[in-house]
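Data first, discussion second: the structure below is written as structure tokens.
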Amino acid sequence: MEYGVIAIVVICVLVLAIGTLKQKSKIIFQFLARAAVGLVTIYFCNGFLAAQNITVAVGLNPVSFLTVGTLGISGFLLLYGVLFYHIL
């Protein structure tokens with residue numbers, strides 16, 4: 001009788017653990033996808049601005065990686081907004 005209850009508890013814990021890991025992996029994947037797309041967009045935007053003789057360039061570094069990965073498009077706009085504000 002005890003073994004049956006222990007087996008049910010273990011199975012329930014495993015199901016909950018798998019569900020939690022699945023959710024966390026989704027969040028990590030979304031973060032990495034936003035960061036990768038954001039860094040590529042920053043790279044091309046820096047190139048476009050340099051071709052237009054505009055001296056604003058966001059660095060490709062861990063801070064911009066974390067900002068774009070966390071905030072997405074708003075993080076991208078924030079990075080360029082801060083630089084344009086700094087020029088004023």
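The values are calculated or read from the model by the stated rules, or taken from the named source; none is laboratory data. All figures in this text were calculated on a predicted structure; none of them were measured in a lab. For neighbour counting, all protein chains shown are included, and Cβ atoms are generated from backbone atoms with ideal geometry for every residue, glycine included. When the accessible area is computed, the model is the full protein with side chains, heavy atoms only, and any ligands, DNA or RNA have been set aside. Shrake-Rupley method; radii C 1.70, N 1.55, O 1.52, S 1.80 Å.
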Task: All positions within segment 67-86 that are aliphatic (A, V, I, L, M) and open to solvent by less than 100 Å² (accessible area, probe 1.4 Å) - done: Val68, Leu71, Leu78, Leu79, Val82, Leu83
TODO: Quickly run through segment 48-72 and pick out the residues that are closer than 19 Å to Lys26 by Cα and either aliphatic (A, V, I, L, M) or in contact (Cβ under 8 Å) with a residue 40 or more places away in the chain (or both).
DONE: Leu66, Val68, Leu71
Task: Matching option when the condition is surrounded by 11 or more Cβ atoms within 10 Å (Cβ to Cβ) and within 15 Å of the chain's Cα centre (by Cα), among Ile54, Ile27, Ile42 - done: Ile42
